[in-house]
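Chemist: The structure follows.
The values are calculated or read from the model by the stated rules, or taken from the named source; none is laboratory data. Not measured: the values here are computed from a predicted model. All Cβ positions, glycine included, derive from the backbone under ideal geometry; neighbour counts span all protein chains shown.
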Amino acid sequence: TAPDDIKEKFQKRQKSKNAFQSIIYETDFIQLSQYLFNNYRTIKNTQIENIIKSVTKSEELDILVLKNYIPKSNWERYFEGKINYKAEQLYNDWDELYQLRNKIAHNRGIEKNDFERIQQLANQIKSALSEAINKLEAGSIELSEEQKIDIMSEVSLIKPLTTEDKILIALGEA
């Protein structure tokens, strides 16, 4: 078993994290990629159909409202235009880093140029994610309660919420 001081540090770290941090920090490379880049709707198809059915004149149909329901990724939804990294470029860089990671993980070896590219990609991605986190923490990117619920719902599809996470969300501590 682990020494008591290590157990204590782990328990303190667990208590200091809120539900969202807990989920993100425990998410693997692929799950985090899905969370950032998978497109999803914030409204059900039946709701969109009801909006369209309720319109009697084309002038009543607000195309801008409908465009809000086009599936988007979390990066596009919350960070595009606020962080200097386009979703498509970040996705491509993330994928390239993942492919290089697999070379290492599966003992295929890497060459010096692969190593340098890994460093470059990791630094670029880390910089973008740090900027996003800093802006969220500073309040420069504000999320409504509805958006927070949407995010947590999306996260729970990728990595199921623990009972502790659900309690923290219910208490508004997520």
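Chemist: Checking the structure you have, find out if any residue of the stretch 65-72 is surrounded by 13 or more Cβ atoms within 10 Å (Cβ to Cβ), within 30 Å of Q124 (Cβ to Cβ) and in contact with a strand residue (DSSP E or B) (Cβ under 8 Å, 6 or more places away or on another chain).
Modeler: Yes, the stretch 65-72 contains a residue that is surrounded by 13 or more Cβ atoms within 10 Å (Cβ to Cβ), within 30 Å of Q124 (Cβ to Cβ) and in contact with a strand residue (DSSP E or B) (Cβ under 8 Å, 6 or more places away or on another chain).
Chemist: Let me spell it out: the conditions are (1) modelled with pLDDT of 80 or more; (2) farther than 25 Å from Q147 by Cβ; (3) loosely packed, with under 13 Cβ neighbours inside 10 Å, and S58 meets all of them except one. Which number is the exception?
Modeler: So S58 meets the others, but not (1).
Chemist: Can you name the number of the only condition in (1) touching a helix residue (DSSP H, G or I) at 6+ places or on another chain (Cβ under 6 Å); (2) β-branched (V, I, T); (3) free of Cβ contacts under 8 Å to residues at least 12 places away in the same chain that I83 fails?
Modeler: (3)
Residues are listed down the side, and each one gets a yes or a no for (1) touching a Phe, Trp or Tyr at 6+ places or on another chain (Cβ under 9 Å); (2) polar (S, T, N, Q); (3) in a helix (DSSP H, G or I):
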| site | (1), (2), (3) |
| --- | --- |
| R117 | no, no, yes |
| A132 | yes, no, yes |
| L136 | yes, no, yes |
| E142 | no, no, no |
| Q147 | yes, yes, yes |
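Chemist: Check Y78, Y98 and return the single one that is aromatic (F, W, Y), at pLDDT 90 or above and in a helix (DSSP H, G or I).
Modeler: Y98
Chemist: Tell me the residue from N50, N92, N123 that is at pLDDT 80 or above, of a type in the set (S, T, N, Q), within 16 Å of the chain's Cα centre (by Cα) and part of a helix (DSSP H, G or I), please.
Modeler: Criteria check complete, one pass: N92.
Chemist: Here's something else I'd like to know. Looking at the stretch 53-75 only, could you name the residues that are free of Cβ contacts under 8 Å to residues at least 12 places away in the same chain and assigned to a helix (DSSP H, G or I)?
Modeler: K53, S54, S58, E59, E60, I63, L64, K67
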